[in-house]
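Comments concern the structure below.
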Amino acid sequence: METVRLDGKALAAKKRESIREGVEKFTAKSGFAPGLAVIIVGDNPASHSYVRGKEKACEKAGILSEKQHLSADVSEKELLDMIGHYNEAPHIHGILVQLPLPDHISESKVIEQISADKDVDGFHPISVGRMVTGQKTLLPCTPAGIMEILKAYDITLSGKNAVVLGRSNIVGKPMAQLLLNEHATVTVCHSRTPNMKDLAKSADIVISAIGKPGLVDDTYIKEGAVVIDVGISRLEDGTLTGDVDEAAVQGQAGHLTPVPGGVGPMTITMLLANTLQAAEEQTA
Ligand code: GUN
């Protein structure tokens, strides 16, 4: 069968244009742009590269982004105080603290310090609780972006068997919840799942968020299944690659997101959407 390529890059471009128009309207009406504070601790090159991508996308969309780079030895209290400052700052509508953080800083304390109204990552327990109970909230960007891809390609979720590989708080767990909210039957696999391959092979939709290059080959995929690749790993030669062995599943999968150009561009797009949504809700 012909495998349909799920073009996240093209969808992201379309969505970013409509977000840009929304931002323009918001700014004309309120007299100020939506504002995002981005806090990065330490010198992890991958984190800095992600943050640069977020800043560039904000600028193109007309969103004000304010970056704070703190040294790796900053105290937890200094970071919590900075978040407290942005919680009160009227020109800032979204706060993002890039993860991971150094070991001496508690990730959960930091996430809980962010005002839920400004939680554009959707990581705060209040946001998570709202998502689980199906209330309107700011949703985690990567799973929300995947839901947009599935919707754009008219992929039915209700009544389907979905298997999520990976159980991180950022991707796997919220992904499973959003699929469940759309009436899929969801299985979450992780490092202690003995029969991951069999479970994946039985699924209508497989979402891989593990970070092992080439793990998912044709032996994991049922004929015609939808395959979403969230993994991004850099190989020794510098090329980016996903969890899915694209050549092996070509012709077997019904739909497939490429890496790069699949999920990645939608993640930043949802951050822009969340920042605009937060600004609108805070000024309503
Ligand atoms: N690190 C990796 N992904 C993310 C993300 O979506 N948000 C934040 N804040 N940090 C990350």
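For Ile83, the criteria (1) more than 19 Å from the chain's Cα centre (by Cα); (2) open to solvent by 40 Å² or more (accessible area, probe 1.4 Å); (3) within 14 Å of the ligand (Cβ to nearest atom) hold in every case but one, which is (2).
If I filter segment 173-196 for residues that are more than 30 Å from Ile111 (Cα to Cα), crowded, with 19+ Cβ neighbours inside 10 Å, touching a residue at least 12 places away in the same chain (Cβ under 8 Å) and touching a strand residue (DSSP E or B) at 6+ places or on another chain (Cβ under 7 Å), do I get at least one hit? Before the answer, list the steps.
Our first condition is that a residue be more than 30 Å from Ile111 (Cα to Cα); within segment 173-196, this holds for 194-196.
The next check asks that each one be crowded, with 19+ Cβ neighbours inside 10 Å; those that pass are 196.
Next, from what is left, pick out any that are touching a residue at least 12 places away in the same chain (Cβ under 8 Å): 196.
Checking which are touching a strand residue (DSSP E or B) at 6+ places or on another chain (Cβ under 7 Å) leaves us with 196.
There is at least one residue in segment 173-196 that is more than 30 Å from Ile111 (Cα to Cα), crowded, with 19+ Cβ neighbours inside 10 Å, touching a residue at least 12 places away in the same chain (Cβ under 8 Å) and touching a strand residue (DSSP E or B) at 6+ places or on another chain (Cβ under 7 Å).
When you look at Glu107, is it within 13 Å of the ligand (Cβ to nearest atom) and open to solvent by 10 Å² or more (accessible area, probe 1.4 Å), yes or no? In short, yes. Ser49 meets each of the listed conditions (1) within 16 Å of the ligand (Cβ to nearest atom); (2) not in a helix (DSSP H, G or I) apart from (2).
Counting residues that are without any contact (Cβ under 8 Å) to a residue 40 or more places away in the chain and within 30 Å of Asp7 (Cβ to Cβ), which helices (runs of 4 or more DSSP H) fully inside segment 81-155 reach at least 1? Even if it seems obvious, please write down each step before you answer.
Details: elements: 107-113, 125-132, 141-152.
Here the list reads 125-132, 141-152.
Condition check for Ile232 on (1) more than 22 Å from Met266 (Cα to Cα); (2) open to solvent by 40 Å² or more (accessible area, probe 1.4 Å); (3) of a type in the set (A, V, I, L, M, F, W, C): one failure, at (1).
If the condition is being loosely packed, with under 12 Cβ neighbours inside 10 Å, closer than 30 Å to Ala248 by Cβ and more than 21 Å from the chain's Cα centre (by Cα), then segment 1-56 contributes Met1, Glu2.
The values are calculated or read from the model by the stated rules, or taken from the named source; none is laboratory data. In this text, all values refer to a predicted model and were calculated from it rather than measured experimentally. Positions of Cβ are backbone-derived with ideal geometry, glycine not excepted, and every protein chain shown enters the neighbour counts. We work out accessible area using only protein heavy atoms, side chains counted, and drop any ligands, DNA or RNA first. Shrake-Rupley method; radii C 1.70, N 1.55, O 1.52, S 1.80 Å.
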